[in-house]
2 protein chains.
Amino acid sequence: MILKSAEAKPHIVVIGAGAIGSFYGAILKRAGCAVSVVLRSDYETVKASGFRFTSPLGDLSWTPDHVYQPGETPLQTPDYVLLCVKVLPGVDRAELVRSWLGNHTALVLIENGLDIERELADAFPDNPLLSCLAFIAVSRTGPGTVNHQAYGQLVMGNFPKGFDQHCEQLANLFREGGIDVNGTDAVVGERWRKCVWNTSFNPLSVLANGADTLTMLDAPGGEALIRLMMKEVIAVAEADGYPMPPDIIEKNISGTRAMGAYKNSMALDYLNDRPIELEAIVGNIVAIADRLDVPVPHLRTVLVTLRIRQGVDSAHSE
Amino acid sequence: MILKSAEAKPHIVVIGAGAIGSFYGAILKRAGCAVSVVLRSDYETVKASGFRFTSPLGDLSWTPDHVYQPGETPLQTPDYVLLCVKVLPGVDRAELVRSWLGNHTALVLIENGLDIERELADAFPDNPLLSCLAFIAVSRTGPGTVNHQAYGQLVMGNFPKGFDQHCEQLANLFREGGIDVNGTDAVVGERWRKCVWNTSFNPLSVLANGADTLTMLDAPGGEALIRLMMKEVIAVAEADGYPMPPDIIEKNISGTRAMGAYKNSMALDYLNDRPIELEAIVGNIVAIADRLDVPVPHLRTVLVTLRIRQGVDSAHSE
């Protein structure tokens, strides 16, 4: 009975099963899917003993059906490939994905940033492409161990637009597994909306050596600067065809204050010497602004300053 | 003979005899002046054995005529008081100076930044006020020990304008002591001119964790950002009544490239956990821009980001 029910469910491969990938893999496993993972660093541990979770959702610990290494080929062509790696210059995501996709495999991005789908849409024009935004607080605490603190909601839609039967099926599986999914037929607009916050707070917190949200808002001129950065993101979004509701800045600011002091993921990456998704979250937006002739002096200052710093920091660690 | 010649020369008190103060004290000592110093941290060492210098100018080591501590009163009212402390919020420079000034003592500022004279002009309206910019590479290497690497030239004039007989006399003494002095009757304009470089390169290097000049210029978008920041400084200077020559940006950029990779003093202060003169070099300029309605988005981003970071860093070190 259990086997039969599992076999009726789609086969999933998760590429980049860090905190995010192993969390959404766990959810799909809970929904009865066959879920395999492709791992580089934690391969041995996960192969031996799976993923161990702490989570307010209960025991999410799970053992993948197969644990692959990059370069292997799948024992069975998956119905969905979830790509959950960071979007970083020098990481060729199409190459990471290529060997795992069948002709009909849907490719699902659960990644941050803006304009991050294009290179995959170009590489695999015939595969369905799903773009997801994760609203989650989750972190890897060691090899194969993950701490899920809160949330988990996904926003999902096809890239560049639409909401097809793959979205429908996958959204329902995530819901069965226990998380909320907001379907949208304009996922790019949702990415722009998330960038209003991320493109302002994230890089600023890195420049300020890991400042939390309230430290940034309460510094002299801090809230005013964040509002100016948000205004620039909104102006670029609008020029790109995605107008925002007029109260979005107020809601972002008041929501952030209500949440209390909070260190965002880019700040945590920086403080833990992990690479930051600067280009996906800031660089791509400044590039679009330049293409559309929208002035973004505050965003540009932050972007270029962080680019300079990355050169300095990587020189130090050599 | 020697005593007589020394007595004909003015009496000098140097307040804040760090690297800068002890260097210019050394020069005036070489010119035959009686030079005393007011010291906090290196008091015991300097009282016992004076200042030891390494310098391309020769042996500049010297022993002050008197070594005072803050709160003492001068044995003889000085003709000139040289104020060589950093311009930092929370440092009441008028208070530092008050007890050392006689009715006719000229107050000489050898300090960085813009609009840094006002509080002293207001506090001591009847004393001559001289404002100097130092072009020098010099650093304190230990208690009472100083390494003078290069340069030493001063630009000098009265604040807010003019070049009186005090300037004349002091400039000649510095020249006798072996350094160049460029007199000006528009020292505020000279401060603006120096800020074209300092207000752009200095805070950017701190944000980039101590990047040198070439690292900043050669990062993607780096030179363009520096030029945009310089343009803003020039626009504020012009609105403030100090127009700049049209080629000043080109000259600053090409001069900086010709000099080779160089870490400016604010970067060194930051890397050595010393406070940076953020308000004197950036904050005051943004304040003038706001008063005169000149947009300075790039400068503002850098300023506010560093203010946030200062809060973060001081919280870390508590």
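Read-outs throughout are calculated quantities, based only on the coordinates presented, and are distinct from any laboratory measurement. Note that this is a predicted model, so its numbers are computed, not measured. Reconstructed Cβ throughout: ideal geometry from the backbone, glycine too, with neighbour counts over all protein chains shown.
The table below lists the values:
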{"item": "Mean ellipticity per residue at 222 nm, deg cm²/dmol - from DSSP H runs of n ≥ 4 across chain B, formula -39500 (n - 2.57)", "result": "-13500 deg cm²/dmol"}
{"item": "Computed lengthening from residue B:91 to residue B:149, 0.36 nm per intervening residue step minus Cα-Cα distance", "result": "18.1 nm"}
{"item": "Helix A:187-207 vs. chain A, principal-axis angle (Cα, 0 to 90°, nearest 10)", "result": "60 degrees"}
{"item": "Where labels lie 7 Å past Cα in the beta-carbon direction, separation of residue A:271 and residue A:224 in nm", "result": "2.8 nm"}
{"item": "Global geometry of chain A, whether rounded, prolate or oblate, following the gyration tensor of its Cα atoms and the 1.5 cut on a/c", "result": "prolate"}
{"item": "Descending principal axes extents, segment B:246-305, alpha-carbon based, whole Å", "result": "36, 36, 16"}
{"item": "Under the Karplus curve 6.51 cos²θ - 1.76 cosθ + 1.60, θ = phi - 60°, whole-Hz ³J(HN,Hα) for segment A:262-278, x wherever Gly or Pro sits", "result": "8, 9, 6, 5, 5, 4, 5, 4, 4, 5, 9, 6, 9, x, 9, 7, 5"}
{"item": "Segment A:189-316 shape via C-alpha gyration tensor axes, a/c threshold 1.5", "result": "oblate"}
{"item": "Three-way shape label, segment A:2-184, alpha-carbon gyration tensor, a/c 1.5", "result": "rounded"}
{"item": "Long-range HN-HN contacts of residue A:87 with modeled amide H, under 5 Å", "result": "A:112"}
{"item": "GNM flexibility winner over chain B from B:129, B:292, B:83 (Cα, springs under 10 Å)", "result": "B:292"}
{"item": "Cα-projected label distance for residue B:104 with residue B:44, points at 7 Å along beta-carbon direction, nm", "result": "4.0 nm"}
{"item": "Fraction of the pair-distance distribution of the protein assembly as shown above 31 Å, Cα-Cα pairs, percent", "result": "59 percent"}
{"item": "Alpha-carbon centroids, segment B:118-160 and segment A:215-285: separation in whole Å", "result": "41 Å"}
{"item": "Rounded to 10°, Cα long-axis angle of helix A:297-316 versus longest principal axis of chain A", "result": "60 degrees"}
{"item": "Charge dipole (debye, nearest 20) of chain A; +1 at Cβ of Lys and Arg, -1 at Cβ of Asp and Glu", "result": "560 debye"}
{"item": "Percent of alpha-carbon pairs separated by more than 17 Å within segment B:138-196", "result": "51 percent"}
